[in-house]
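Colleague: Dropping the structure in here first, questions after.
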Amino acid sequence: MIKKVGVVGAGTMGAGIAQITAEAGFDVVLVDLEEKFVNRGMENILKNWNKAVKKGNRTDEEIDQIKLRLTGTTNYDNLKDCQLIIEAVVEKMSIKKELFGKLDRICPADTIFASNTSALSITELAASTSRPTTVIGVHFFNPVPAMKLVELIPGAETTAKTVATMKEFCNTIGKEAIPVKESPGFIVNRLLIPYINEAAILFDQGVASAAEIDQAMKLGANMPMGPLALADLIGIDVCLMIMEYFFNEMADSKYRPALSFRQKVRAGHLGRKTGKGFFDYN
């Protein structure tokens, strides 16, 4: 039974996962490499809880009780008594493998390792551990507290018991888990990122401006947000990484990344998080 959950990576996704997990009644340890990252993640969680109190969705007393269940630290040894670890670090296979190897030496053999990867192979990641049967993909969506979906991705050796345990966990934290066979990008990103990439190609070709492309999709396809504003929200570096992964994995030219993705990443214009991408947020 899962009682204590470790979340590794205190960025936007990790902090969101830690927040909703603590709210659901689990003890949570939020870990990152440096104190400043942990502090920033904890501050973002507290801001969300303060907003909830102001809106009347939570009471101060409720938040005080939830806070007792959440700990932030840079000490990975504090994860040794967790029954579940959710990884939410940078989307690079080498970094994730290194982390899982480290966690493999710290955690008991029956601890489940779950990756929040948005596209990468769970089977390959699991092979970096001595417990491939208890490694699984659990892909949350941004913003985590608001988005209902979780994609649940077993690797080649993930057991049915691990899948069932994680499905129950997702239900407990208020998410709907959709099982997905392992495939690059799973369901949502396999459809979404090429759509964004095609919009960027239209932009590159001068077919229309970024604002015009987005407005066309909002008015003509009833999209709540245009594809290029969505790229800025996701992070243009993340979009590029996923498209490159698709292109390399499937060797199909339809997944070739748009030139503007590369140019903007080289310029450091990664979207909202840097203040500039396809649109200017400064």
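Colleague: Scan the stretch 236-282 for residues that are of a type in the set (Ser, Thr, Tyr), touching a Gly at 6+ places or on another chain (Cβ under 8 Å) and exposed (fewer than 15 other Cβ atoms within 10 Å of the Cβ) and jot them down.
Modeller: Tyr281
Colleague: If you don't mind, there's one more thing I want to ask. Take Ala109 and decide whether it is assigned to a strand (DSSP E or B) and out of contact with any Gly (no Cβ under 6 Å at 6 or more places or on another chain).
Modeller: Judged against the criteria, Ala109 is not a match.
Colleague: In this structure, is Leu99 under 20 Å from Gly155 (Cβ atoms) and part of a helix (DSSP H, G or I)?
Modeller: yes
Colleague: For the stretch 148-175, how many residues meet the condition of being touching a helix residue (DSSP H, G or I) at 6+ places or on another chain (Cβ under 7 Å) and either under 16 Å from Ile112 (Cα atoms) or assigned to a strand (DSSP E or B) (or both)?
Modeller: Number of matching residues: 11.
Colleague: How many residues are more than 17 Å from the chain's Cα centre (by Cα) and either surrounded by fewer than 19 Cβ atoms within 10 Å (Cβ to Cβ) or part of a helix (DSSP H, G or I) (or both) if we restrict to the stretch 5-30?
Modeller: 5
Colleague: While we're looking at this one, here's another question. What pairs can you find where one residue is in the stretch 92-106 and farther than 22 Å from Asp81 by Cβ, the other is of a type in the set (D, E, K, R) and in a helix (DSSP H, G or I), and their Cβ atoms are less than 8 Å apart, with a gap of 6+ or different chains?
Modeller: Within 8 Å, the pairs are Met93/Glu124; Lys97/Glu124.
Colleague: Would you mind finding the one in Leu233, Leu228 that is touching a residue at least 60 places away in the same chain (Cβ under 8 Å) and touching a Gly at 6+ places or on another chain (Cβ under 9 Å)?
Modeller: Going through Leu233, Leu228 in turn, the sole match is Leu233.
Colleague: Go through the stretch 244-282 and report how many residues are out of contact with any Pro (no Cβ under 8 Å at 6 or more places or on another chain), closer than 25 Å to Thr12 by Cα, without any contact (Cβ under 8 Å) to a residue 40 or more places away in the chain and part of a helix (DSSP H, G or I).
Modeller: 8
Colleague: Let me ask something additional. Surrounded by 20 or more Cβ atoms within 10 Å (Cβ to Cβ) and in contact (Cβ under 8 Å) with a residue 12 or more places away in the chain: does that describe Lys175?
Modeller: Against the criterion (surrounded by 20 or more Cβ atoms within 10 Å (Cβ to Cβ) and in contact (Cβ under 8 Å) with a residue 12 or more places away in the chain), Lys175 qualifies.
Colleague: Within the stretch 50-80, restricting attention to residues that are assigned to a loop (DSSP other than H, G, I, E, B) and closer than 19 Å to Ala10 by Cα, which residue is nearest to the chain's Cα centre (by Cα)?
Modeller: Thr74
Colleague: When you check Pro145 against the structure, is it within 29 Å of Leu192 (Cα to Cα) and part of a loop (DSSP other than H, G, I, E, B), yes or no? It would help to see each step written out before you state the result.
Modeller: On the way: within 29 Å of Leu192 (Cα to Cα): yes; part of a loop (DSSP other than H, G, I, E, B): yes.
Spelling it out, Pro145 is indeed within 29 Å of Leu192 (Cα to Cα) and part of a loop (DSSP other than H, G, I, E, B).
Colleague: So Leu33 passes all but one of these: (1) without any contact (Cβ under 8 Å) to a residue 40 or more places away in the chain; (2) closer than 21 Å to Phe100 by Cβ; (3) surrounded by fewer than 20 Cβ atoms within 10 Å (Cβ to Cβ). Which condition number does it fail?
Modeller: For Leu33, the failing item is (1).
Colleague: If only one of Ala109, Ala114 is out of contact with any strand residue (DSSP E or B) (no Cβ under 7 Å at 6 or more places or on another chain), among the hydrophobic types (A, V, I, L, M, F, W, C) and not assigned by TED's automatic domain parsing to the domain that holds Asp237, which one is it?
Modeller: Just one listed residue meets the conditions, Ala109.
The values are calculated or read from the model by the stated rules, or taken from the named source; none is laboratory data. In this text the structure is predicted, and so the values were computed from the model without any measurement. Cβ: placed from backbone, ideal geometry, glycine included. Neighbour counts: every protein chain shown.
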